[in-house]
1. Going by the structure shown, is L221 among the aliphatic types (A, V, I, L, M), open to solvent by 30 Å² or more (accessible area, probe 1.4 Å) and free of Cβ contacts under 8 Å to residues at least 24 places away in the same chain?
2. Which residue out of A214, A244, A274 is exposed (fewer than 14 other Cβ atoms within 10 Å of the Cβ), assigned to a helix (DSSP H, G or I), among the hydrophobic types (A, V, I, L, M, F, W, C) and out of contact with any Gly (no Cβ under 7 Å at 6 or more places or on another chain)?
3. Out of A159, A170, A96, report the one residue that is at pLDDT 95 or above, open to solvent by less than 20 Å² (accessible area, probe 1.4 Å), at negative phi and in contact with a Gly (Cβ under 7 Å, 6 or more places away or on another chain).
4. Working only within segment 174-203, note down all residues that are open to solvent by 60 Å² or more (accessible area, probe 1.4 Å) and among the aliphatic types (A, V, I, L, M).
5. With the condition kept exactly as written, say whether any residue in segment 28-49 is assigned to a helix (DSSP H, G or I), without any contact (Cβ under 8 Å) to a residue 60 or more places away in the chain, out of contact with any helix residue (DSSP H, G or I) (no Cβ under 7 Å at 6 or more places or on another chain) and within 19 Å of A65 (Cα to Cα).
Amino acid sequence: MTRLSYTKALNRALADELAADPAVCVFGEDIGAGLAGPTLGLLDRFGPGRIVDTPLSEQAFTSMAVGAALAGRRPVLEFQIPSLLFLVFEQLVNQAHKFSLMTGGQAAVPLTCLVPGSGSRDGWAGQHSDHPYSLFAHAGVKTVVPATPTDAYGLLRSAIRDPDPVVVFAPAAAMPVRETVTWDLVPVPLGRARIHRPGTDVTVVALGHLVHDALAVAEELAPNLSVEVLDPRTVHPFDWQSLADSLERTGRLVVLDDSNRSCGFGAEVLATAAEEMRLIAPPRRITRPDGAVLPFAPALDRAVQPGREQLRHALELVMKPVDGMKGPLTAR
């Protein structure tokens, strides 16, 4: 047994895949020095032929990685901040993502994008605090947002092994998380959700670092409310069956989502649940505001992010009596 940090889990996943498959290589800025954490020590172990410190041009090394993937390599790209993905959106969505589809599977682009520290970091302001996982899911790119060290390890390994491009968002607020684990960690399949806490009254779908907020609120309300916390882990493809099974148990839904409100991940979960699944009360979502740009000032930064107080309020609203039924918050 050992205590494993989120960052160390990513580092260990990269090292294990590099050791297991000679086709795996890593591209990025300052990765030789391991400044972001996940690539620390990899250059000394695997050499400059596989750990490639690139010039300061995301568009250049992303295009190079697409070509390398088409030629049989499995490149991993590290992006120091999430907004850099906007620079390479064309290469990832219009090229890498579509090659396999447009060639009838004759070409494959097994490319992984890793964003260590996505979302808000203290005082990093508007151009460094985006969390655009909804954007990539909308485009149909496989997208994962691990919440725990074991899931960070397992999902990154599965992403690297996948035949298609995968974007792995490692939330900045989850990076300090540590977990007691055994040494025999295993890959986690893409597209499979995880129930962190079973419940019978309401389902909270939370993603990334917000899983830990949901668990804290669920524990706080436990004497009066049974909250099931469901972590999708993969935004696309989403595990709709696990959500449907959860709503069969609870009938009520709250989504905690650290992306902007319009056209976001939370909106899709609510819409699909309303169309296809069992709900006995109107669902609720907690997101960043429409078109949110996170300010530099820490208090303002926190004010536009989803938080525990918003989740408590949403749970109170979703548990209000419907059609004469009493909700657990008032009945117990």
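1. Judged against the criteria, L221 is not a match.
2. Numbers: A214 fails: exposed (fewer than 14 other Cβ atoms within 10 Å of the Cβ); A244 fails: exposed (fewer than 14 other Cβ atoms within 10 Å of the Cβ).
Just one listed residue meets the conditions, A274.
3. Details: A159 fails: in contact with a Gly (Cβ under 7 Å, 6 or more places away or on another chain); A96 fails: in contact with a Gly (Cβ under 7 Å, 6 or more places away or on another chain).
After applying the criteria, what remains is A170.
4. Within segment 174-203, V186, I195 qualify.
5. Taking every residue of segment 28-49 in turn, at least one turns out to be assigned to a helix (DSSP H, G or I), without any contact (Cβ under 8 Å) to a residue 60 or more places away in the chain, out of contact with any helix residue (DSSP H, G or I) (no Cβ under 7 Å at 6 or more places or on another chain) and within 19 Å of A65 (Cα to Cα).
For (1) in contact with a Leu (Cβ under 6 Å, 6 or more places away or on another chain); (2) at pLDDT below 95; (3) open to solvent by 40 Å² or more (accessible area, probe 1.4 Å), each residue gets a yes or a no:
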site: A20; (1), (2), (3): no, no, yes
site: C25; (1), (2), (3): no, no, no
site: T39; (1), (2), (3): no, no, no
site: R50; (1), (2), (3): no, no, yes
site: F61; (1), (2), (3): no, no, no
site: M64; (1), (2), (3): no, no, yes
site: A69; (1), (2), (3): yes, no, no
site: E78; (1), (2), (3): yes, no, no
site: Q106; (1), (2), (3): no, yes, yes
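The values are calculated or read from the model by the stated rules, or taken from the named source; none is laboratory data. Not measured: the values here are computed from a predicted model. In this analysis, Cβ positions are derived from the backbone assuming ideal geometry, glycine residues included, and neighbour counts consider all displayed protein chains. Just the protein is used for accessible areas: all its heavy atoms, side chains included, with ligands, DNA and RNA removed. Shrake-Rupley method; radii C 1.70, N 1.55, O 1.52, S 1.80 Å.
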